[in-house]
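Remarks on the structure that follows.
No lab work stands behind these numbers, since they all come straight from the coordinates. Values in this document were obtained by computation on a predicted structure and should not be read as measured data. Note that we place each Cβ from the backbone using ideal geometry, even for glycine, and neighbour counts take in every protein chain shown.
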């Protein structure tokens with residue numbers, strides 16, 4: 001079996017997921033350059049120049065067709081987000097995060113999901129809303145297995161994996177170094193195409 005997934009744009013209740021654009025770099029610096037956000041990511045906070053290089057790699061990429069191909073979708077707000085106090089957290093059209101789709105194996109029809117959000121919008125349900133859209137697109141395209149690899153200390157992401165219908169399958173002890181250079185574990189969560197979705 002050969003798996004090919006094209007995701008030019010996905011729309012959810014509050015967001016538009018679309019391939020990165022050249023002008024997204026300034027937005028991405030807010031989280032890719034943030035030490036607290038990078039605490040659970042496999043890279044140290046990035047400089048604006050490093051973020052610019054990252055964005056350039058994925059501009060207009062909307063298809064995965066070979067092993068390790070990656071699509072990075074910007075999470076763009078359809079309307080402004082407001083806090084409980086009425087203040088504006090983010091404006092309509094703002095890019096407030098990323099969703100990643102990686103084709104791990106064309107032969108096994110296995111894909112990996114990943115996400116990262118601007119700290120100001122964390123906890124508002126956007127990661128779940130957008131991850132569900134990417135999960136569903138992957139399943140509709142014929143993915144057999146969807147995985148997420150994350151630091152088990154990132155409890156927000158482990159809870160999200162469970163809400164996506166994934167199960168924790170493994171925990172690799174101290175198999176990578178976190179953004180501070182410390183040894184960290186990796187939790188492997190997965191969902192099969194036939195599993196019930198919540």
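Here are a few things to note about the model shown:
- Matching label, volume of the Cα convex hull per residue in Å³ computed from the structure shown, candidates (i) 157; (ii) 117; (iii) 109: (ii)
- Here is how the number arises for the chain: DSSP H runs of 4 or more residues each give -39500 (n - 2.57), the sum is divided by the residue count, and the result at 222 nm is -7000 deg cm²/dmol.
- Kirkwood-based shape ratio for the stretch 65-174, expressed as Rg/Rh from alpha carbons: 1.01
- Were the residues from residue 88 through residue 153 laid out at 0.36 nm apart, the gain over their Cα-Cα distance would be 20.4 nm.
- Its relative contact order, with pairs defined as Cα atoms under 8 Å and 6+ residues apart, puts the stretch 5-148 at 24 percent.
- Scoring 6-13, 141-148, 130-137 by mean Cβ neighbours within 10 Å over their residues and listing the highest first yields 130-137, 141-148, 6-13.
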